[in-house]
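Scroll down for the structure; my scribbles are underneath it.
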Amino acid sequence: MRARGRVRWPVLVAVLALSVGCTAACTTVPACAAGVRTARLLPAFFATLPVDPSAWLARPVQAERLALQEAPERVELHIWRPRSGRYPALVVSLGVNPAPPDDPRVTRLFRGLARAGLVAVLVEQQALNEDRLTPAAPAAIVRAVERVRAFPSVRDGRVGLLGFSVGAALVEIAAADPRIRDHVTVVEGFGGYARLADLVQAATTGVIQYRGHTEPWQPDPMTVRIVRENLIADLPDPRERDALWQALVAETTPLPPSDTLSAYGRAVLALLTNTDPDRFHALFAALPERRRQEFEALSPVYVLDRIRARVFLMHDRGDPLIPYVESRRSRDRLSEAGNPPYYSEFAIFEHVDPTRGGNPRILVRDGLRLFLHAYWVLRELE
């Protein structure tokens, strides 16, 4: 899900200064080659930075597009790679409501990844573009990894996965799939969720719960809209779908009387209008078993123990689209399974976009934290 806002200049200046400084320091030590690549890559996350250090003395980049699937839902691979040589690959999902492949933020990031010595592959899914989250989404990422591993430009079939927002959950589920889990080197999840039902609970009640602690949370309207749309869209009766969509998404009509709805329609209406977190689980249990199973299939917390790759997790502490505690849940589950992740929380992001300014000390702290996080991801991919 895309966050809104503009990148603040203090953030940009801090990141640029950090990148230049780290590059200068590391070039004198051969063992710091990964640090140099990281320092050159970091500014690629900031689309409005007036200069792009990743382009300095960088490899020429070639961009390509490949159709992975046409039906029933279109899936395309957008590939950015160095023009010559063989490199590790990084397969990326941007989740629902993604920025398009030609968005300046996307092209700058993926060119930066390619200049850092990666075959960077964006998996674009029609359903996700239309804000539809279905169990087919992780399977498309699995097929993408299988295809990418065979690219002549990919060295020794080495592939990592990177997901933003909902895409973080999808790549984590894909990484646990037995078809590819032995071939995925690293998994990076930025701003994702652990259990889809918990995200729905937070979006509908405005409350997040973690380890017995409860705190208020103001969900972004985009999160509320996407949750409502996806729950309503599964109703089989088109009249019910339209009535609930007009009332809860468009907000142009009153709520329909519950006695005019089917049992499924009443369950969806009750779930989406509930504001009491203590009632959520009973209301969720009233959904059809098939639908609850789909929610489970889209929840990485149930399969994190099957991931064999090194896992990295990041989250914005004040995230209004997906609560920060969701990544903490994933961290906890991975640690319980004996695969503790490299975990980082930040205060300079708005969901997954660097839009916050603020205290220079926080900017430097988070800039260094981001640098180290990216450094270890690149090291693991190598």
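When only DSSP loop residues count, what trypsin sites (Lys or Arg not before Pro) in region 182-277 have their Cβ near at most 12 other Cβ atoms within 10 Å?
When the trypsin sites (Lys or Arg not before Pro) of region 182-277 are filtered for loop state and at most 12 Cβ neighbours within 10 Å, Arg211 remain.
In order along region 316-322, the Karplus-derived 3J(HN,Hα) couplings, from 6.51 cos²θ - 1.76 cosθ + 1.60 at θ = phi - 60°, round to 7, 4, x, 4, x, 9, 9 Hz, and Gly and Pro are given as x. Rounded if a/c is under 1.5, else prolate if a/b is larger than b/c, else oblate: which is region 227-369, with a ≥ b ≥ c the root eigenvalues of its Cα gyration tensor? Since a/c reaches 1.5 but b/c is at least a/b, the shape of region 227-369 is classed as oblate. Taking amide hydrogens as placed 1.01 Å from N in the peptide plane, the amide H of Leu68 sits under 5 Å from those of Val75, Glu76, Leu77, each at least 5 positions away in sequence or on another chain. Taking the Cα centre of region 196-296 as origin and assigning +1 to Lys and Arg Cβ atoms and -1 to Asp and Glu Cβ atoms, the resulting dipole is close to 80 debye.
Modelled this way, with points 7 Å down the Cα-to-C-beta line, the labels at Arg65 and Arg291 are 3.6 nm from one another. Based on DSSP H segments of at least four residues, each scored -39500 (n - 2.57), the chain has a per-residue ellipticity at 222 nm of -13000 deg cm²/dmol. With Kirkwood's inverse mean 1/r over C-alpha pairs for Rh, give me the Rg to Rh ratio of region 52-182, two decimals please. A ratio of 0.95.
Mean Kyte-Doolittle of at least -0.5 plus a Cα span of 27 Å or more along the axis: flag which DSSP H helices in the chain meet both, please.
Helix filter hits for the chain: 360-381.
Taking region 303-321 and a reference point 7 angstrom along Cα→Cβ of Arg361, no backbone N atom is nearer than 11 Å. Dipole magnitude for region 33-176: about 760 debye, using +1 per Lys or Arg Cβ and -1 per Asp or Glu Cβ, origin at the Cα centre.
The distance linking region 229-285 with region 109-172 is 33 Å (Cα centroid to Cα centroid, whole angstrom). Taking every alpha-carbon pair under 8 Å whose residues sit at least 6 apart, region 114-204 reaches a relative contact order of 24 percent.
Normalised by the number of residues in the chain, the mean separation of alpha-carbon contacts (under 8 Å, six or more apart) gives a relative contact order of 20 percent.
The DSSP beta bridges internal to the chain are antiparallel in roughly 40% of cases. Charging the Cβ of each Asp and Glu at -1 and of each Lys and Arg at +1, and nothing else, the dipole of the chain about its Cα centre rounds to 1500 debye. If you take the square roots of the eigenvalues of the alpha-carbon gyration tensor of region 196-296 and sort them as a ≥ b ≥ c, do you get rounded (a/c under 1.5), prolate (a/b over b/c) or oblate? It is prolate, given that a/c is not under 1.5 and a/b is the larger ratio. Subtracting the Cα-Cα distance of Arg241 and Asn339 from their residue separation scaled by 0.36 nm leaves 31.0 nm. Which of the following values of volume of the Cα convex hull per residue in Å³ was calculated from the structure shown: [x] 126; [y] 141; [z] 165? From the options [x] 126; [y] 141; [z] 165, the structure gives [y]. What number results when the radius of gyration of region 153-246, computed over Cα atoms, is divided by 2.2 N^0.38 Å? Output field value: 1.43.
Modelled this way, with points 7 Å down the Cα-to-C-beta line, the labels at Leu372 and Asp102 are 4.1 nm from one another. Filter the GluC sites (Glu not before Pro) in region 58-144 down to the DSSP loop ones having no more than 14 other Cβ atoms within 10 Å, then list what survives. In loop regions of region 58-144 (DSSP not H, G, I, E or B), the sparsely surrounded GluC sites (Glu not before Pro) are Glu70, Glu130.
For region 225-277, GluC sites (Glu not before Pro) are listed when DSSP marks them as loop and at most 12 other Cβ atoms sit within 10 Å of their Cβ; the list is Glu251.
Every read-out reported here was derived from the displayed coordinates using simple, explicitly stated rules and does not represent laboratory data. What you see is a predicted model, and the numbers here were worked out from it, not measured in a lab. A quick note on method: Cβ atoms are made from the backbone with ideal geometry, for glycine too, and the neighbour counts reach across all protein chains shown.
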